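Read the structure below first, then the notes.
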Amino acid sequence: MALTLFLLAPLAVLTLLVVLIAQSLDREARRTLGEVSGTRAESSRAGSDRALERHAAGVLLIVEDRTGLCNEREGLYLSTNHDRWNPAARRLARRPDGRWQILLTPDGNATPLEFRFTRGDWDRVESDADGGEVARHRLPLVPPEALQSGEPYVLELAIEGFADRESKAGGS
């Protein structure tokens, strides 16, 4: 009997450790799924939300260039992890109101979409107003009630600077 308990004790400890680690990973995964970077949508119910990239009508990104550096000739581009971070993979269209837009439709890639804006190459990647690096944007989780059937979800963002130069709006 003592020998059996002696042999089972390490197994019980190991099982307890595995359960605790699994719970910790599950909590971290839920916390990560609920995080939103650079957007106006937030969620505390990640389990009941749908990933934005799975929304059939897509996502309409509307981008304000607060630097005044983007123009029709050079353009504004979206670089994503789905495009292997090609800095000129997707060109945005200029809107009559001076902002830029692009419609992102589901591409079948299960990896959450991360993206950055460039003016065609990595030397001219978006930055903060002081020229510092900004984190990659990530499409948020959106409550189902925020999604209208047949309509793309609208996500508005702003570019405060570019790594290669000062903005016309008086950046550093």
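The values are calculated or read from the model by the stated rules, or taken from the named source; none is laboratory data. It should be emphasised that the depicted structure is a prediction, and the values quoted were computed from it without experimental measurement. Backbone-built Cβ (ideal geometry, glycine too); neighbour counts: all protein chains shown.
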The condition from (1) of a type outside the set (V, I, T); (2) at pLDDT 95 or above; (3) buried (at least 16 other Cβ atoms within 10 Å of the Cβ) that G131 misses is numbered (2)
Residue set L139, L60; condition at pLDDT below 95 and touching a helix residue (DSSP H, G or I) at 6+ places or on another chain (Cβ under 6 Å); output residue L139
What strands (runs of 3 or more DSSP E), lying completely within the range 59-172, carry at least 2 residues that are of a type in the set (V, I, T) and within 20 Å of the chain's Cα centre (by Cα)?
59-65, 153-159
